[in-house]
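Some notes on the structure that comes next.
The values are calculated or read from the model by the stated rules, or taken from the named source; none is laboratory data. Just so you know, these numbers come straight off a predicted model, no measurement behind them. So basically every Cβ, Gly included, is an ideal-geometry build from the backbone, and we count neighbours across all protein chains shown.
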Amino acid sequence: MHQADLVFTNGPVHTVDSAGTRASSLAVTGERITAVGHDEVRELIGPGTEVVDLQGRLLLPGFQDAHVHAVFGGVELAQCDLTGTTGVDEYLRRIREYADAHPERAWITGGGWSMESFDGGLPSRQLLDSVVPDRPVYLLNRDHHGAWANTRALELAGLTRQSPDPADGRIEREPDGTPNGVLQEGATGLVARLVPPISAADRLAGLLRAQALLHSLGITGWQDALLGVFNGQPDPSDAYLAAARDGSLTARVAGALWWDRDRGAEQIPELAARRAALRHGRFRPESVKIMQDGIAENFTAALTSPYLDSCGCATANSGLSFVDPVALRSHVTELDGLGFQVHFHALGDRAVREALDAVEAARTANGRRATRHHLAHLQVVHPDDVPRFARLGAIANIQPLWAAHEPQMDELTIPFLGPERAAWQYPFGSLLRAGATLAAGSDWPVSSPDPIAGIHVAVNRTEPGATHGRVFLPEQRLDLVAAIAAYTAGSAHVNGLDDAGSLRVGNLADLVVLDRDVFAAPAEEIAASRVLQTYVGGVLVHTAG
C-alpha cells in the first residue's frame, strides 16, 4: 500500500458528496485525495507522511467564490478605506488622514462608504471639500455602482448643470441642476476616466494581496467577475496572467471577460481571441460577464413594474436594461455556441427574466451544452421565473450576505419596492426547492469576502451579531448542508472545476480546516468559527497565527 504525503485524522470530515458522507480521516498524495474514510486511512501513514490531528475540528472542501473582484479588492486595500463604519465623521476623518499621509498623490481614491449613512443615500461634494479642497477626490461606494466626488474632481471632468446624464447612468444634482458629487452607474466613468491609471505592478500587488486575504478565509478558487476596462478601471487580466506564469497564483481562478455594453456582436471574435491568449495554468478566462441592470438602491435595477416613491405611489422609472433584451438573446446564443459560459449581473426581476430568456434562446438554438450559464445577485426574482432555473440549467449565483435586515435594505430598498416585490427578494430556499443549482459568492470588495459570514446569513437570514431578532424572509433560509454546498461544490461547478468542491478519491486536495465543527453548534454561532488552515492541491497556503 502506498504512503500518503498528508493525512488528516480525528475528524469530522464533511465531504459534500451527493450521499452526505461524513468521515473522520482523509489522505492526500501529490495534489489529489487518495483516501476518505476512518481508521483504515491511518494505514497510509509512513515515515514521510505529514499527519494533521484535527482534534474534532471540521475539514471541508476549500471554499470557492463564484463572483468576486479580487484584483480591485486588493488594490483598494492600499487606498483610502471607508469600510467597516457608517459614521460620516469617521469617513471624513479617514479621508483627511489618508490625504495628509499621501501628499504625493494627485488624486485621493478608494471607497467603501455606505448609502445608509446619508439622507436619501446621497452625500455631498461640500462634505469632501471640507477635508480635501485642493485635490480631486473620487470614492466608490460599497456596492461600486456609484461614486462620491468633490468639487475639484467635478470641475476637472467639466461637469456642470448643463451636462447631460449618460444613457447608462445618472448625475445626481442640487436643486439648481449643479452636480452634487454623487455619480450613479455609467456616470461614474465621467470622472473615473481622469483618475491616474493603476500600474501593472500595482495590479499584480493587488492580486497577491487579495489572494493572501482570500486564502486566509478558506477560499481556494474564485471567478473574477470583471476582466476588462470598465468606467475608467484598468483591465486586471494582466495581473492574473503574470501570476499564472510565474507561479505566484496559488488559487484556481476562472475569469469573466467584460461585455462592452456600448458595443454589440462585433466584439465576440475579440472575446474569443482574448480567451485563447489569456488562458494559462490555473487561470482560465472561459466566461463572459454581461451586466444587464444596476442596483435597487439607486433605482437602476430593472423591474417588471415601476419603483414606488417615498409616498408609495408608482413612479415612471422601472430601472435600466443595459443590453437590449432582444439583442441579448442573440448574443448569448452566439457565445454559447462558442463554448463560453455567460455570467449575468441580474438583480431586478426584469433583468432576471431577460437573462433567463437569453439562456432559453441559446438552449433552443444550440441544444443543452455544458456552458453553465449563471445569474448573479438575484435580489428580486418573480415567482414565475423561479422554476425556470432548473428547467434551463441556469445556475443561481447567490450573494447571501445581502439577504438580511439592515438599513440599506430597510430604508433604501423595501419602501421603494413595495410589500409584494419585497417578499420576492433573495429567494434562496425557493430556488433550491425548485431544483436549481446554487453557487455562492461575495462580490468583494462590495461586501465581505468571508464565506463563513455568508453561510451564517444564508442559514439564519440575519446579519452576524444582529441583536434586533428580525429574520429576513425566514422561508428562504437554507440549511447548513445546502449553504456549505453552495460555497463549495456549487461554486466549483460554476468555475469549471469538476474535480474540486467535494472530498472524494481522485479530487483535488483543495481543503479548509475550521476551528470547530459548525454542525455541532447552534446556527446562531456559525459566524464565530474561523479558518485555521487552507490547502490548495495539498499545499498549505494559509495557517492561522
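Within region 211-228, residues that are in a helix (DSSP H, G or I) sit with their Cβ atoms under 7 Å from residues that are surrounded by fewer than 24 Cβ atoms within 10 Å (Cβ to Cβ) and of a type outside the set (Phe, Trp, Tyr), at 6+ positions apart or across chains, in these pairs: GLN211/THR250; HIS215/VAL541; HIS215/HIS542; SER216/VAL531; SER216/HIS542.
Return yes when PRO269 is more than 25 Å from the chain's Cα centre (by Cα), surrounded by fewer than 23 Cβ atoms within 10 Å (Cβ to Cβ), free of Cβ contacts under 8 Å to residues at least 40 places away in the same chain and more than 24 Å from VAL182 (Cα to Cα) and no when it is not. Criteria met by PRO269. Being modelled with pLDDT of 95 or more and of a type in the set (Asp, Glu) holds for only one residue in GLU411, GLU420, and it is GLU420. Taking region 119-143 as the range and being modelled with pLDDT under 95 and under 15 Å from THR83 (Cα atoms) as the test, the residues that pass are LEU140, ASN141, ARG142, ASP143. Of the residues ALA436, ALA440, ALA453, the single one that is closer than 30 Å to LEU207 by Cα and surrounded by 24 or more Cβ atoms within 10 Å (Cβ to Cβ) is ALA440. Report yes if ARG135 is touching a Pro at 6+ places or on another chain (Cβ under 8 Å) and either surrounded by fewer than 21 Cβ atoms within 10 Å (Cβ to Cβ) or part of a strand (DSSP E or B) (or both), otherwise no. When the stated conditions are applied, ARG135 does not pass them.
Within region 388-405, the set of residues being surrounded by fewer than 20 Cβ atoms within 10 Å (Cβ to Cβ) and either at pLDDT below 95 or within 13 Å of LEU473 (Cβ to Cβ) (or both) comprises HIS405 only. Using beta carbons and a limit of 7 Å, which pairs, at least six apart or on different chains, have the first residue in region 229-248 and more than 25 Å from ALA187 (Cβ to Cβ) and the second one crowded, with 21+ Cβ neighbours inside 10 Å and aromatic (Phe, Trp, Tyr)? Cβ pairs passing all conditions: TYR240/PHE283; LEU241/PHE283; ALA244/PHE283.
For VAL342, are the conditions met, namely being within 28 Å of THR188 (Cα to Cα), in a helix (DSSP H, G or I) and in contact with a Leu (Cβ under 7 Å, 6 or more places away or on another chain)? Criteria not met by VAL342. Among the residues of region 24-42, those identified as of a type in the set (Gly, Ala, Ser) and surrounded by 20 or more Cβ atoms within 10 Å (Cβ to Cβ) are SER25, ALA27, ALA35. The condition of being part of a helix (DSSP H, G or I) and either in contact with a Cys (Cβ under 6 Å, 6 or more places away or on another chain) or surrounded by 15 or more Cβ atoms within 10 Å (Cβ to Cβ) (or both) does not hold for VAL7. Would you check if there is a residue in region 525-542 being among the hydroxyl-bearing types (Ser, Thr, Tyr) and in a strand (DSSP E or B)? Checked region 525-542: at least one residue is among the hydroxyl-bearing types (Ser, Thr, Tyr) and in a strand (DSSP E or B). For LEU497, the conditions (1) crowded, with 24+ Cβ neighbours inside 10 Å; (2) closer than 29 Å to ARG32 by Cα are fulfilled apart from (1).
Restricting GLY73, GLY84, GLY158, GLY120 to residues that are surrounded by fewer than 21 Cβ atoms within 10 Å (Cβ to Cβ) and within 30 Å of LEU511 (Cβ to Cβ) narrows the list to GLY84.
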